[in-house]
Amino acid sequence: MTSENAPTDDLPGTASDVADDHPDVWDAYSDLGAACAHAGPIDGETKRLVKLALAIGAQSEGAVHSHTRRALEEGIDPEALEHVPMLAVPTIGFPRAMAGRTWVEDETTD
């Protein structure tokens, strides 16, 4: 997807700024993401849950919020999203997993 086709209005501030200021870089980044997504047989919901888990493991609050919002828009059950940080506990530790839980809950609770 190129910048001509990719909506940038719904991007968070910094990402939107990069997309606007450096469309060639943003296009290459978007193309890489699409290529990675299509590189194997994993279905869409599973990919979204994996990306959420990776964001939690990386302790990237912004990415956790983003992947959670996109998952909800894609119709993924909020309970499934809230399960992901619990699965992270034995791997990344309780405090980091609970930080991820709060970031998921920022998007799944009213």
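Points to keep in mind about this one:
- Filter result (within 14 Å of the chain's Cα centre (by Cα) and aromatic (Phe, Trp, Tyr)) within the stretch 59-110: TRP103
- Consider the stretch 67-110 and keep the residues that are among the β-branched types (Val, Ile, Thr) and not in a helix (DSSP H, G or I). The one that is modelled with the lowest pLDDT is THR109.
- Taking the stretch 28-78 as the range and being within 24 Å of VAL18 (Cα to Cα) and among the basic types (Lys, Arg) as the test, the residues that pass are ARG48, LYS51, ARG69, ARG70.
- Pairs with Cβ under 7 Å, 6+ apart, first in the stretch 49-63 and assigned by TED's automatic domain parsing to the domain that holds MET98, second of a type in the set (Ser, Thr, Tyr): LEU52/THR68
Conditions tested, residue by residue: (1) crowded, with 16+ Cβ neighbours inside 10 Å; (2) not basic (Lys, Arg).
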residue	(1), (2)
ALA35	no, yes
ALA39	no, yes
GLU45	no, yes
LYS51	yes, no
LEU54	no, yes
VAL64	yes, yes
ARG70	no, no
GLU73	no, yes
ILE76	yes, yes
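The values are calculated or read from the model by the stated rules, or taken from the named source; none is laboratory data. What you see is a predicted model; the values in this text were computed from it and never measured. Glycine gets a Cβ as well: all are built from the backbone with ideal geometry, and neighbour counts include every protein chain shown.
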